[in-house]
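One structure is given below, encoded as structure tokens.
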Amino acid sequence: MKILMISSEVLPFAKAGGLGDMVAALAAELARHGHEVRIVLPRYYSVDSGLLRRLDRPLGVPLGGEEEWCAVAMTTLPGTEVPVYFLDHQELFGRDGIYGTKTEPEFSDNLRRFTLLCRGALQLAKLLKWKPDVIHAHDWPAALAPVYLNTLERDGYFADTGSVLTIHNLAHQGIFPKEEIEHTLIGWEQFHGAGFEHHDSLNLLQAGIRNADMLTTVSPTYAREIQTPEFGHRLDGLLRHRSADLSGVLNGIDYGLWNPENDQHLPSNFSAGELDGKAGCKAALQEVMGLDVDPNVPVYGMVSRLVEQKGFGELCGPTHGSLYNICHDLGLQFVILGTGDAWCETELESLAARLPNLAVDLEFNEPLAHLIMAGSDFLLVPSVFEPCGLTQMYAMRYGTLPVVRATGGLVDTVDNYDEPTGEGTGFVFDLLTPSAIYNTVGWSLWAWYNRPEDIAAMQQRAMAKRFDWEVSAARYAEIYQGALARRSGAVLRTW
Ligand code: ADP
Ligand code: GLC
């Protein structure tokens with residue numbers, strides 16, 4: 001099949017979280033299965049245009065009342081033949097930040113920016129005379145694409161093109177003042193009909209959910225959760241309505257990039273059979289983070305966006321059981337790598353200044369992320385909600401046991417430790433409270449000191465576990481077929 005992916009993040013060009021990893025890995029796997037995949041994303045300022053090949057012709061994109069002109073540059077996804085096209089528009093993308101910056105977390109012209117991405121991707125397909133069977137849109141920045149297919153592009157070039165929308169994070173919906181609909185060129189008469197209207201504002205993700213032929217999200221548990229008021233971010237009703245078209249397909253991870261046996265970012269490599277190198281990574285991690293180099297103290301790591309979603313509200317709060325108590329009371333070392341909300345960064349810095357066994361690095365640092373996965377004994381992921389989560393899967397591959405809250409993809413990937421049998425691949429708790437985090441970290445610590453044989457067996461099990469893309473990519477291919485059937489009218493719309 002011919003698949004056009006539209007995304008605001010694609011590894012290694014632009015990444016704020018797991019979305020970039022997912023899009024690149026899925027595209028590569030689909031290409032291995034023989035599908036023809038092309039990807040479109042913005043040419044952010046951070047993408048070095050010296051490494052890209054510029055297309056001869058510029059691309060005209062209708063935006064508001066104007067025709068905007070973009071240069072188009074391209075390259076291939078590393079290690080594949082998958083073409084990646086970059087829309088290069090100085091005014092909208094020639095700046096730091098994907099969605100915003102530290103001082104301006106959301107750019108005020110984001111609607112225009114991502115309208116240009118979606119409409120531009122469609123225009124580009126026409127320019128290239130490459131008609132996709134399916135457009136696969138990721139999250140709200142790409143959610144206008146399925147809306148265009150059902151409105152302005154209903155009967156033309158894309159009349160036979162199906163659409164799939166993947167929800168990576170329902171909390172981010174792309175909500176804008178309703179007047180901004182004019183940038184999309186989708187008329188006011190479609191404000192309700194196309195599903196934009198949400199509490200008198202314009203909601204891009206909602207419109208995408210209304211219009212895409214098929215919907216997916218990134219784990220089976222999250223697919224169920226988002227149909228409930230607790231996790232539905234006010235779209236649960238609509239998602240229940242489209243339940244029959246919504247699939248939860250678990251993300252895989254790219255074992256080419258995340259493999260302790262040949263990871264170039266590590267001072268020493270290791271495998272399940274030969275774990276010595278992991279001790280070397282632990283010592284190196286303790287050293288670079290300024291902690292005592294001591295193999296006998298367990299290291300807990302986190303690699304995360306520093307936002308409420310990831311449990312930092314609970315960790316940074318004043319309630320007993322928070323990060324302060326964990327580090328102060330328990331015999332462990334703690335390492336956090338992340339960037340995010342200012343309140344969280346400030347709080348973590350102040351905690352680290354008070355606690356000698358807590359080391360915090362507030363930057364985006366890919367090599368250090370690998371070292372934390374390899375050198376830690378445990379990885380904490382206490383999320384409020386977690387559509388899939390990749391770090392717990394990376395950790396397992398590196399023999400680092402995840403300590404996670406039972407939500408979303410964390411449920412689907414981590415098996416709780418069973419004390420009587422020693423089974424499991426990690427430590428799981430249900431209720432998100434500071435004391436539950438504290439107690440579960442304490443439980444894992446107890447096992448580390450008192451049941452070393454169970455910890456060793458869990459490590460082996462975790463390292464042997466595989467979250468391959470092969471199965472999930474095959475599932476996406478089926479979903480693409482379903483979207484095509486919908487578009488052609490062979491299968492009736494149910495909504
Ligand atoms: P989310 O997409 O919600 O942020 P995921 O677990 O799916 O959560 O993906 C997070 C990705 O971002 C992982 O690849 C993780 O290693 C990476 N990451 C997050 N913060 C940083 C950071 N500060 N430095 C390097 N990598 C990071
Ligand atoms: C989102 C989610 C995360 C998921 C990632 C990739 O950012 O928060 O759970 O792993 O997308 O699908």
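Residues that are surrounded by 17 or more Cβ atoms within 10 Å (Cβ to Cβ) and among the polar types (S, T, N, Q) within region 1-47 comprise SER7, SER8, listed in sequence order.
Counting only helices (runs of 4 or more DSSP H) that sit completely within region 177-235, those holding 1 or more residues that are in contact with a Gly (Cβ under 9 Å, 6 or more places away or on another chain) and within 16 Å of ligand 2 (Cβ to nearest atom) correspond to 204-211, 220-225. For region 158-176, the set of residues classified as in contact with a helix residue (DSSP H, G or I) (Cβ under 6 Å, 6 or more places away or on another chain) and outside any loop (DSSP other than H, G, I, E, B) consists of GLY162, SER163, VAL164, LEU165, PHE176, listed by residue number. A count restricted to region 17-47 and to residues that are farther than 20 Å from GLY252 by Cβ and assigned to a loop (DSSP other than H, G, I, E, B) stands at 5.
Of all the residues in region 261-312, those that are open to solvent by 50 Å² or more (accessible area, probe 1.4 Å), more than 30 Å from ALA436 (Cβ to Cβ) and part of a helix (DSSP H, G or I) number 4. List, please: which pairs have Cβ atoms under 7 Å, are six or more places apart or on different chains, and start with a residue in region 109-137 that is under 16 Å from ILE175 (Cα atoms) and touching a residue at least 12 places away in the same chain (Cβ under 8 Å) and end with one that is open to solvent by 10 Å² or more (accessible area, probe 1.4 Å) and not in a loop (DSSP other than H, G, I, E, B)? Partner pairs satisfying both residue conditions: LEU111/PHE176; LEU111/GLU180; LEU111/HIS183; ARG112/HIS183; THR115/HIS183. The single residue among LEU215, LEU257 that is under 27 Å from PHE467 (Cα atoms) and outside the structural domain of LEU117 (by TED's automatic domain parsing) turns out to be LEU257. Do you know which residues across region 108-131 are over 19 Å from MET22 (Cβ atoms) and in contact with a Ser or Thr (Cβ under 8 Å, 6 or more places away or on another chain)? LEU111, THR115, ARG119, LYS131 - these are the residues of region 108-131 that are over 19 Å from MET22 (Cβ atoms) and in contact with a Ser or Thr (Cβ under 8 Å, 6 or more places away or on another chain).
For (1) open to solvent by 30 Å² or more (accessible area, probe 1.4 Å); (2) β-branched (Val, Ile, Thr); (3) farther than 24 Å from THR319 by Cβ, each residue gets a yes or a no:
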position	(1), (2), (3)
MET396	no, no, yes
VAL403	no, yes, no
LEU410	no, no, no
TYR417	no, no, yes
GLY424	no, no, yes
LEU431	yes, no, no
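If you filter region 345-394 down to residues that are under 18 Å from LEU306 (Cα atoms) and among the aromatic types (Phe, Trp, Tyr), you find that the one that is most open to solvent (accessible area, probe 1.4 Å) is PHE364. In region 48-61, of all residues being outside any loop (DSSP other than H, G, I, E, B) and in contact with a Ser or Thr (Cβ under 9 Å, 6 or more places away or on another chain), the one that is least open to solvent (accessible area, probe 1.4 Å) corresponds to VAL61. Does GLU345 qualify as being within 16 Å of ligand 1 (Cβ to nearest atom) and part of a helix (DSSP H, G or I)? Here the answer is yes, as GLU345 does meet what is asked. Would it be correct to say that ALA436 is among the small types (Gly, Ala, Ser) and surrounded by fewer than 24 Cβ atoms within 10 Å (Cβ to Cβ)? Taking the combined requirement at face value, the residue satisfies it. For the condition within 21 Å of LEU445 (Cα to Cα) and either surrounded by 13 or more Cβ atoms within 10 Å (Cβ to Cβ) or touching a Gly at 6+ places or on another chain (Cβ under 6 Å) (or both), GLY331 does not qualify. Just one residue in the set ASP200, ASP263 is on the phi > 0 side of the Ramachandran plot, of a type in the set (D, E, K, R) and touching a helix residue (DSSP H, G or I) at 6+ places or on another chain (Cβ under 7 Å); that residue is ASP200.
The values are calculated or read from the model by the stated rules, or taken from the named source; none is laboratory data. Just so you know, these numbers come straight off a predicted model, no measurement behind them. Virtual Cβ from ideal backbone geometry, glycine too; neighbours counted across all protein chains shown. Just so you know, the surface numbers come from the protein's heavy atoms only, side chains and all, with ligands and any DNA or RNA stripped out. Shrake-Rupley method; radii C 1.70, N 1.55, O 1.52, S 1.80 Å.
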